[in-house]
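Read the structure below first, then the notes.
Nothing in this text is a laboratory measurement; each read-out follows from the coordinates by a stated rule. The structure displayed is predicted, hence computed values, not measured ones. No Cβ is skipped: glycine too gets one built from the backbone with ideal geometry, and neighbour counts run over all protein chains shown.
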Amino acid sequence: MICSAQIVFHLENLIVIKLGGSVITDKKSMPPRVNLKSLRRIAKEIAVCGAPLLIVLGGGAHGHQAAHKHGFGNPNTPPDRLLLGIPDIRRNMSQLASRVEEELSQQGVLGAIFSPFNFVTLHDGFIHNFPTEIIEQTLNAGISVIIHGDVCIDMKKAASILSGDTIAVFLAEKFQAKSVFIGTNVDGVLTENPEINPDAKHIPLIDKTNKDQILALTGPSSSIDVTGGMAKKISELLDLANHKIDVVIFNLLIPNRLTNLFLGKPIICTRISLN
Ligand code: IPE
């Protein structure tokens, strides 16, 4: 156990940030490529925060392509084939996480990588066991946690994908975080997929009055996405808003939006509030 004198951070101030895979990687590039320009700028913005953060990485090109290739997302894929995909997905995600850690370190952000495959198990795609003590102690020690979407052993299906969104929601709830900032490649939730209809309208607030209607409108994202796209994201985030955690979905491709969120300044985004 860490002694109380070493604790430099209190979890009630915790901010969870999800770096969407479509922002930190070139989601359509094959083989997968990190979007270095974007990542470098984000690392600089993260450095503004100054407090330890829980940084969750999406899979983007690194996760989704390999997962799709090995049959994840298709209920008919035999377990043996899923298991064969583990090394590919793990290698890609480890490379992505290392790159993120390196860029953060260059900006003076002290961070440690946690790979869910090493300590999380799933059951039928849902979290079965997710020990969090070491994550908590790392944050308490003033070190940011870099955790990423991953493939994990699944007690029912041999192996399943654990998405960054699910990790962000689980840990934010577990630690009763102050805020959850979900960085995506769009301005928040839109009435339609903007890649299909450029006239899609932005929804600034999801609350009790419009949540069901919005869930019905949003669908899966258009590039290869094995973890459910926007509709799944929103329904997971609605759970958090129920716990009075400030939830924001915003465009992380646009410079300074993350900085302004840290500074409490208004930005174009979708807030989820069920109070
Ligand atoms: C996917 O995580 C993880 C893997 C496919 C290994 P996410 O579903 O959170 O990734 P993005 O942000 O949509 O790319």
Listed highest first by mean packing, meaning other Cβ atoms within 10 Å per residue, what order do 235-243, 140-148, 105-113 come in? 140-148, 235-243, 105-113
Compute the convex hull volume of the Cα atoms of the chain, divide it by the residue count, and report the result per residue in Å³ as a whole number. 125 Å³
Please figure out what share of the DSSP beta bridges in the chain is antiparallel and state it in percent, rounded to the nearest 5. 35 percent
Highest GNM mean-square fluctuation among Asn256, Asn74, Asn193, for the chain with Cα springs under 10 Å, belongs to Asn74
Report the Cα centroid-to-centroid distance between the stretch 69-137 and the stretch 238-275 in angstrom, as an integer. 25 Å
Of Lys37/Lys201; Lys27/Lys233; Lys69/Lys233; Lys69/Lys178; Lys174/Lys233; Lys44/Lys174, which sit over 26 Å apart, Cα to Cα? Lys37/Lys201; Lys69/Lys178; Lys44/Lys174
Which number comes out as Rg/Rh for the stretch 19-162 once both Rg and the Kirkwood Rh are worked out on C-alpha atoms? 0.99
For Lys208, the aspartates and glutamates lying under 16 Å Cα to Cα, once residues fewer than eight places off in the same chain are dropped, come out as Glu236, Asp239, Asp246
Find which of Ser98, Leu274, Leu53 sits farthest along the positive direction of the dipole of the chain, computed with +1 on the beta-carbon of Lys and Arg, -1 on that of Asp and Glu, about the Cα centre. Ser98
Return a whole-number percent for the relative contact order of the chain, with Cα pairs under 8 Å and 6 or more residues apart as the contact set. 23 percent
How charged is the neighbourhood of Ile153? Take every other residue with its Cβ under 13 Å from the Cβ of Ile153, and add Lys/Arg as +1 and Asp/Glu as -1. 0
What trypsin sites (Lys or Arg not before Pro) does the stretch 71-160 have in DSSP loop regions with at most 13 other beta carbons within 10 Å? Lys156
Would you mind counting up the charge near Thr77? Only other residues with Cβ under 15 Å from its Cβ, with Lys and Arg at +1 and Asp and Glu at -1. 0
